[in-house]
1. Efficiency by 1/(1 + (r/R0)^6): what FRET value for Glu24 and Tyr71, r their Cβ-Cβ distance, R0 = 45 Å, to the nearest 0.05?
2. Over the stretch 69-211, average the accessible area per residue using a 1.4 Å probe and give it in Å², no decimals.
3. Could you let me know the centre-to-centre spacing of the stretch 134-189 and the stretch 295-336, using Cα atoms, in angstrom?
4. Suppose R0 equals 41 Å. What FRET efficiency, 1/(1 + (r/R0)^6) with r the Cβ-Cβ distance, do Glu136 and Asn314 give to the nearest 0.05?
5. What percentage of the solvent-accessible surface of the stretch 278-336, computed with a 1.4 Å probe over protein heavy atoms, is contributed by carbon and sulfur atoms?
6. Once every Cα of the stretch 4-163 carries one equal point scatterer and solvent is ignored, give the base-10 log of I(q)/I(0) from the Debye formula at q = 0.08, 0.11, 0.13, 0.16 Å⁻¹, two decimals.
7. Please label the shape of the stretch 84-197 as rounded, prolate or oblate, based on the square roots a ≥ b ≥ c of the eigenvalues of the alpha-carbon gyration tensor (a/c under 1.5 means rounded; beyond that, a/b larger than b/c means prolate, else oblate).
8. Leaving out ligands and nucleic acids, note down the accessible area per residue over the stretch 260-335 with a 1.4 angstrom probe, in whole Å².
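The values are calculated or read from the model by the stated rules, or taken from the named source; none is laboratory data. From a predicted model like this one, the values you see are computed outputs, not experimental measurements. Here the Cβ positions follow ideal geometry from the backbone for every residue, glycine too, while neighbour counts run over all protein chains shown. Side chains included, ligands, DNA and RNA excluded: accessible areas come from the protein's heavy atoms. Shrake-Rupley method; radii C 1.70, N 1.55, O 1.52, S 1.80 Å.
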Amino acid sequence: MESKLNLQAIDTYVESYSNKLSEELFQGKESLTGDDILKLPVNQVGLLIINNIFQSWNEEAEKLKSPYFDYENAEVQAELKKLMNLLSKNILVSRSDFGPLLKKAVLDTILLMISPYSFYKSLVEGKDRISISYMESVAKFVKINRQCLGKMIEKGKESPGLLELPGELLNLALGTVDSTPENIEGYVKQFSEIEPFNEESFIIADRESHPAYEEKVAAMSYEDEDEEEEEKSEGTLNDSFISESYESVADELKNSQKTNSLKSMLSINQKFMFINDLFNDSQEDFSKVLDFLETCESKEVATSFIHNNYLKHNIWKANAPQVKEFMALLDKKFDS
């Protein structure tokens, strides 16, 4: 089962952070310039505010269009671009107008950090069509976990028909994201300078549907374990499955007849969470472990592998929500 966002906790944080930051920003000032906004403590927040201002301008420009004038004329387009460039150098936002922009940007930044799928879903929701130009304009202002947006642009150019199906385009892009999620520790520290940022408080693990994994670990029997192999497992992280023997087993996966695939069960948020929290930002290690687990003939073999390589050496904590969620996926794979 997938962890859920604690929307109430996120909203409370957004409100508190935004109010405190605004108090600091508007001391002795009535308005903020574009340069002021780009110098906010969390750069991503400032960039998203500028993006929202530009998107608002684009919407207003669309309303200006009239059936009596040729807005597509090259000369008109050139002049509109000049106007945009001039306006971009003269941004001036009052405190009352800045508040809603700041709160939205803070919320979107948090989603990019802990739930990128939620952010990208908001880009396509309610749209019958999404344009390459729109995605490229947004991409200029997204710095955290932007891989998905890049894939959306790539797939949209390859198959223009997908632009008429934004939801399908998003799902296709998510399925092909293969780079490591960004380390958000620096952003957490930046947020915490204004308001303490506790990522765990923003996630609600679906504990009711998770097995009591601590009890399973305690009840498992390892009498068959070879002592010499056990000593070898004291080596560096993932030594045991990086070996040639495990790689050869992973190769056999391609010809296996497993009904359920762990990779097919993973949501994009789970993928980001597991790589970040359980595999030390290593996409390679994450993929190798999943490949090996796919080859396991039983849940006992799979859980034994996790126990011997992670739990026994305290690399993973059995009661951590991320670990419980990972083990819940194993249960789903073997029990369904």
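1. Details: r = 42 Å, r/R0 = 0.92.
For Glu24 and Tyr71, the calculated efficiency is 0.60.
2. On the way: 7800 Å² over 143 residues.
Per residue, the stretch 69-211 has 55 Å² of solvent-accessible surface.
3. 30 Å
4. Values: r = 45 Å, r/R0 = 1.11.
Using R0 = 41 Å, I get an efficiency of 0.35.
5. Numbers: 1040 of 2260 Å².
Roughly 46 percent of what the probe reaches on the stretch 278-336 is carbon or sulfur.
6. With no solvent term, the Cα-only Debye profile gives -0.29, -0.54, -0.74, -1.06.
7. Working: a/c = 2.15, a/b = 1.33, b/c = 1.62.
In terms of gyration-tensor shape, oblate.
8. Details: 2790 Å² over 76 residues.
Per residue, the stretch 260-335 has 37 Å² of solvent-accessible surface.
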